[in-house]
Amino acid sequence: MPADKPAAAPGPAERARIVGTVAQWFTTAARPLPWRDPSVGPWGVMVSEFMTQQTPVARVIEPWRAWLRRWPEPASLAAEPSSEAVAAWGRLGYPRRALRLHGAAVAIVARHGGRVPAEPEQLRALPGVGEYTAAAIASFAFGARAVVLDTNVRRVLARIDRGRQYPANSTTAAERRLAARWLPADAATAARWAASSMELGALVCTAAAPDCAHCPVAGHCRWLAAGRPAHEGPARRGQAYAGTDRQARGRLLDQLRRNRAGVETETLLGCWDVDRAQARRALDGLLADGLAHRHGELITL
DNA sequence: AAGTCGTGGTA
DNA sequence: TTACCAAGACT
């Protein structure tokens, strides 16, 4: 074979070998995340999935422990007002996730007898559960065979199979087919692949500084074989934050978290002095989303 | 289907 | 210091 011929995408046999190698690597490299403990049930897994959406795992660990201590099952959370969930969410970010998790707990009590459903379709119908989260719960909590395609797995597959530094900006149908091709036939191996491929992306095949020298499947990676070519095409859009409505909402919500008894409307608007109209917009948004509540002139969570 | 939605760590 | 980006969902 000519040395300059680009590596081809791995076939079924090589994919199976890679899956096995990553699974083996996982036995010693896996982080001892508390929700991976065998004693943790589906609800604990589900809470961890909500909390880790767009949030680094390390930041989630302590809030997760506190949450499960307070609400060890869906019914205990569902029995309290959603404002308690928003307050307990603290500074994890994207507080609507707290609202959705509360809503999911209510729905689980109403529709599933208080037990987290095992079927991806039923999971997907819960607020805050998208395709990824449904697959993750089915796989991690119930050992099901599901395509668990998160940002880590997308990057791993982009590199190993496609020879690209990064996947597309948003998940494509072609990408789902690719991930399905990688999914082992039996449930136990598939669940193992889901967890281990995510871990590989999180610890080794990282976005900014991949540690190819310590990658267990470096010898199978098209991207590495091609000399780690830089991402082509339009730059992945950044996430501007300073001065945005999001920052304003975050500021107001922070005040409401610190003052559970409530804050006068004028006082609350005053904590965002950048732009009065923006402060109003932020408050209206929080009220419309159900993250804040009005009682006359008093605003509370 | 491109925009919106928090927060904080890292290089 | 600025820019990137982290177990996404929803509209």
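The values are calculated or read from the model by the stated rules, or taken from the named source; none is laboratory data. Keep in mind that this is a model prediction, so the values were computed, not measured. Ideal geometry is used to build each Cβ from the backbone, glycine not excepted, and the neighbour counts take in all protein chains shown. To get the accessible areas, we keep the full protein, side chains included, count just its heavy atoms, and leave off ligands, DNA and RNA. Shrake-Rupley method; radii C 1.70, N 1.55, O 1.52, S 1.80 Å.
Observations on the structure shown:
- Exactly one residue out of A:P38, A:P56 is more than 16 Å from DNA strand B (Cβ to nearest atom), out of contact with any helix residue (DSSP H, G or I) (no Cβ under 7 Å at 6 or more places or on another chain) and free of Cβ contacts under 8 Å to residues at least 12 places away in the same chain, and it is A:P38.
- Residues of region A:102-111 that are more than 19 Å from A:W89 (Cβ to Cβ) and either in contact with a helix residue (DSSP H, G or I) (Cβ under 7 Å, 6 or more places away or on another chain) or buried (at least 22 other Cβ atoms within 10 Å of the Cβ) (or both): A:V109 alone.
- A:G114 passes every criterion in (1) assigned to a loop (DSSP other than H, G, I, E, B); (2) modelled with pLDDT of 95 or more; (3) open to solvent by 30 Å² or more (accessible area, probe 1.4 Å) apart from (3).
- Unique match (being open to solvent by less than 50 Å² (accessible area, probe 1.4 Å), more than 14 Å from DNA strand C (Cβ to nearest atom) and either part of a helix (DSSP H, G or I) or within 30 Å of A:C221 (Cα to Cα) (or both)) among A:R69, A:R97, A:R15, A:R65: A:R15
- Criterion: over 29 Å from A:R145 (Cα atoms), open to solvent by 60 Å² or more (accessible area, probe 1.4 Å) and of a type in the set (A, V, I, L, M, F, W, C) - qualifying residue of A:A226, A:A248, A:A185: A:A226
- Residue list for region A:196-216, filter: within 18 Å of A:D150 (Cβ to Cβ), part of a helix (DSSP H, G or I) and open to solvent by 20 Å² or more (accessible area, probe 1.4 Å): A:M198, A:A202, A:L203
- Filtering region A:126-153 to residues that are in a loop (DSSP other than H, G, I, E, B), more than 9 Å from DNA strand C (Cβ to nearest atom) and farther than 20 Å from A:P167 by Cβ leaves A:G143, A:A144, A:R145.
- Residues (over 19 Å from A:A242 (Cα atoms) and either β-branched (V, I, T) or touching a Cys at 6+ places or on another chain (Cβ under 8 Å) (or both)) located in region A:261-293: A:V263, A:T265, A:T267
- Helices (runs of 4 or more DSSP H) lying entirely in region A:217-293 (those with 1 or more residues that are more than 15 Å from DNA strand B (Cβ to nearest atom) and not hydrophobic (A, V, I, L, M, F, W, C)): A:222-225, A:265-270, A:276-289
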